[in-house]
Amino acid sequence: MTSREMVSQERNFSINWLALSILAIGGGIIYLLPYLRSTYYQTLQEALGVTNTELGLIQSVFGILTILCYFPGGWLADKVSPRILLTVSFVGTGLAGLYYATLPSFPMVVAIHVFFGLTTTLTFWAAFIKATRMCASSSAQGRAFGILEGGRGLTSTIVSFLSVGLFARFADQVVGMKAVIVLFSIVAVVIGILCWLFIKDDVTGKEDDTWNITWESVRKVLRMASVWLIALIVFLAYTTYRNADFVTPYMTKICGVSAALGALLGTIRYYGLRPVGAVAAGFLADRISSSKTMIYVFGLMCITNVLYIVFPGSPKMLYFVVANMVMLMVGCFAARGIYYALLEEGRVPVVLSGTAVGVISTIGYLADVFNPVLGGYLLDAYPGVTGFKYIFAIAAVTAAIGMLVTYWFRKSVERN
């Protein structure tokens with residue numbers, strides 16, 4: 001590479017910081033509306049006038065739509081410009097949110113969440129990943145995806161805190177709930193406008209963007225071994241991450257942590273460590289490769305889960321439990337930060353990124369369907385510390401298999 005080419009690549013990457021920042025902020029915003037119950041459960045229930053079952057049904061409808069939309073959304077992302085799809089996603093979500101703020105009837109709230117399932121998955125997810133890949137040169141994919149994941153977490157944290165402050169300003173909680181929904185909606189629309197202005201339409205300079213995306217193209221993706229291996233890697237990493245949800249109840253039920261301290265540690269676990277793990281892994285991936293970094297990350301997740309099994313859970317071990325939690329979550333967010341950077345290493349054409357992401361996401365996020373039920377069953381069937389140890393054992397084995405699959409992926413890429 002000549003010095004001029006190196007300067008050009010550096011300039012292109014720096015110009016795309018703006019687009020990457022918009023994507024990171026948008027990725028942290030768009031899911032706040034459909035997951036509103038996570039933060040405002042009781043208030044949202046009161047504002048909508050629904051039962052616990054009805055509120056759960058609303059969320060289930062959204063979850064089912066996301067699973068159904070991953071694959072067709074991937075194909076769509078390769079047929080339509082990411083710029084158009086992302087603009088439609090953010091603006092559509094925001095406008096639906098403004099209607100949501102009127103607190104309509106239960107059937108209409110269900111319909112809104114069906115719409116959210118479409119705008120946050122069918123038109124959004126694969127286009128979002130593809131646009132991120134287009135933001136950086138092939139040598140900076142780790143940084144791009146690491147910063148994306150870290151930026152999403154940081155944005156969610158900041159906007160969530162702002163929404164809590166806004167909510168607290170209103171004496172009437174229902175009015176406060178409406179204000180929060182309007183805030184999230186307006187920000188989503190603004191991000192959509194910024195996407196239209198600053199996200200590129202093509203992949204010029206990275207691939208031949210004249211590829212005719214047909215069903216033969218889809219079959220080409222389905223025949224790529226690297227796509228299926230990445231799907232398995234994402235599934236194993238995400239399953240380990242979902243198992244980490246049980247660390248907080250482990251600390252409160254087994255280690256004697258108070259509910260208030262448990263909530264604080266849970267907040268730090270999810271929000272505070274996300275940027276650290278994702279960004280650090282992104283920079284490391286660009287230095288030693290994404291696959292090698294993933295092997296180390298899986299190793300870290302395996303060891304930390306094994307330590308929870310080996311050491312007794314008790315109030316005396318609180319400092320160890322918290323320290324181990326920090327290391328485990330850094331590993332989980334590191335994996336989430338870079339597993340889509342494997343697309344570049346696996347030589348998946350940029351113009352087929354959407355279809356590939358559709359396949360990968362459909363398989364990779366299946367843990368959302370079975371993991372909460374499996375964990376709940378184990379805790380009910382084996383009360384006390386035993387149930388938690390089974391959960392940590394599953395996570396350790398999953399991470400160990402992840403190391404092997406990633407090593408297989410790495411060798412497969414080298415052979416080809």
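Once the Cα-Cα distance is subtracted from the 0.36 nm per residue extended length, the Leu404 to Trp196 segment shows a gain of 70.7 nm.
Work out the FRET efficiency for Ala323 and Ala179 from their Cβ-Cβ distance, taking R0 = 45 Å, and round it to the nearest 0.05. Can you show the working numbers first?
On the way: r = 39 Å, r/R0 = 0.87.
So, using R0 = 45 Å, E works out to roughly 0.70.
For the pair Thr39 and Val80, label points projected 7 Å from Cα toward Cβ lie 2.8 nm apart. Pairs to check: Lys253/Lys389; Lys200/Lys220; Lys316/Lys389; Lys200/Lys292. Give those whose C-alpha atoms are more than 22 Å from each other in this structure. Checking Cα-Cα distances, Lys200/Lys220; Lys200/Lys292 exceed 22 Å.
Rounded to the nearest 20 Debye, what is the dipole magnitude of the chain about its Cα centre when Lys and Arg each give +1 and Asp and Glu each give -1 at the C-beta?
Numbers: 29 positive and 20 negative charges, 131 e Å.
Charge dipole, the chain, about its Cα centre: 620 debye, nearest 20.
Given charges of +1 on the Cβ of Lys and Arg and -1 on the Cβ of Asp and Glu, with all other atoms neutral, how large is the dipole of region 299-411 about its Cα centre, in debye to the nearest 20? Walk me through the numbers before you get to the answer.
Details: 6 positive and 4 negative charges, 51 e Å.
In debye, rounded to 20, region 299-411 gives about 240.
Taking the fewest neighbouring Cβ atoms within 10 Å as the starting point, the ordered list for Cys332, Cys302 is Cys302, Cys332. Rounded to whole numbers, the Karplus 3J(HN,Hα) couplings from phi for region 307-321 are 4, 5, 6, 6, 8, x, x, 7, x, 5, 9, 4, 4, 5, 4 Hz, using 6.51 cos²θ - 1.76 cosθ + 1.60 with θ = phi - 60°, and x at Gly and Pro. Exposure proxy ranking for Phe128, Phe161, based on other Cβ atoms within 10 angstrom of each Cβ and starting from the fewest, stands as Phe161, Phe128. The alpha carbon centroids of region 44-74 and region 256-320 are separated by 29 Å. Between Arg169 and Phe283, the contour length at 0.36 nm per residue exceeds the alpha carbon distance by 37.0 nm.
The numbers here are math on the coordinates, done by the rules we state, and not lab data. Bear in mind that the values here come from a model prediction, so they are computed numbers and not experimental data. Ideal geometry is used to build each Cβ from the backbone, glycine not excepted, and the neighbour counts take in all protein chains shown.
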